[in-house]
1. Can you tell me how many residues in region B:74-96 are hydroxyl-bearing (Ser, Thr, Tyr) and in contact with a Gly (Cβ under 8 Å, 6 or more places away or on another chain)?
2. Look through region B:2-41, keep the residues that are within 10 Å of another protein chain (Cβ to nearest Cβ) and farther than 13 Å from B:Ala90 by Cβ, and return whichever of them is surrounded by the fewest Cβ atoms within 10 Å (Cβ to Cβ).
3. Go through region B:68-82 and report how many residues are over 15 Å from B:Val47 (Cα atoms) and surrounded by fewer than 19 Cβ atoms within 10 Å (Cβ to Cβ).
4. Please go through region A:63-118 and give me each residue that is in a loop (DSSP other than H, G, I, E, B) and more than 23 Å from A:Leu27 (Cα to Cα), ordered by number.
5. Is it fair to say B:Ala68 is in a loop (DSSP other than H, G, I, E, B), more than 8 Å from every other protein chain (Cβ to nearest Cβ) and in contact with a strand residue (DSSP E or B) (Cβ under 7 Å, 6 or more places away or on another chain)?
6. Restricting attention to region A:41-59, and to residues there that are facing chain B (nearest Cβ under 8 Å) and not small (Gly, Ala, Ser), which single residue is farthest from A:Asp85 (Cα to Cα)?
7. Just name the residue that is nearest to B:Ser25 (Cα to Cα) out of those in region B:48-81 that are free of Cβ contacts under 8 Å to residues at least 12 places away in the same chain and more than 13 Å from the chain's Cα centre (by Cα).
8. Could you check, for region A:3-18, whether at least one of its residues is at pLDDT below 95, away from chain B (no Cβ under 11 Å) and either closer than 27 Å to B:Gln6 by Cα or more than 11 Å from the chain's Cα centre (by Cα) (or both)?
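The values are calculated or read from the model by the stated rules, or taken from the named source; none is laboratory data. Note that the structure is predicted; figures quoted are calculated from it, not measured. Using ideal geometry, Cβ is built from the backbone for each residue, glycine included, and neighbour counts are taken over all protein chains shown.
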Amino acid sequence: DTAVSQTPKYLVTQMGNDKSIKCEQNLGHDTMYWYKQDSKKFLKIMFSYNNKELIINETVPNRFSPKSPDKAHLNLHINSLELGDSAVYFCASSQGWPPPGQLQETQYFGPGTRLLVL
Amino acid sequence: TQLLEQSPQFLSIQEGENLTVYCNSSSVFSSLQWYRQEPGEGPVLLVTVVTGGEVKKLKRLTFQFGDARKDSSLHITAAQPGDTGLYLCAGGTGTASKLTFGTGTRLQVTL
């Protein structure tokens, strides 16, 4: 069974369109994330939700709106797509608290959604 | 803004060679993680280090966290083609959820 799944895997669309990417985790985790990985492979956090509540919101255009219907799902809706939105978007999840002595949780990443805006 | 610079950016070596990847910052991190990402997949955690000066070994991989907790290194002994991938360091700042990822090192190991 896939732990963190994303759909679609590939998304090719025209500038100005609105699109959504879906993410589901079956690990029972409390925290979920969206990351953007650009063409230089730089991975940057966009949003994080804990138990359906937004806890991290980095400097991201308002055209990006995350939605968490329940703690196992975190979807990303993008309005008015621009050329610069082309990237790989990764969903991730983590337990919500670090293991004893670790200070930092393990994040489990999905396979990514490759978005190409033409 | 916290930045984690990795070097080298690219590394192409032959099977059996040793290599070291560096991850440097001017900021202090409470923890440092290393991830490996293979083409078409998401990053996978290799290790977490939390104490300045800490050294962890994972088979042929040795990870070190700098004494001042601003830098880290990953050393691979006798590299194998299966080690090929993108290596990412990631710093934690005490807020357990938030990670700042490094600029990445692409490693290719050929026969």
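1. Number of matching residues: 1.
2. Going through the qualifying residues, I end up with B:Gly40.
3. 7
4. A:Arg63, A:Asn79, A:Ser80, A:Leu81, A:Glu82, A:Ser86, A:Leu118
5. no
6. A:Asn50
7. The residue in question is B:Glu54.
8. No, the conditions are met nowhere in region A:3-18.
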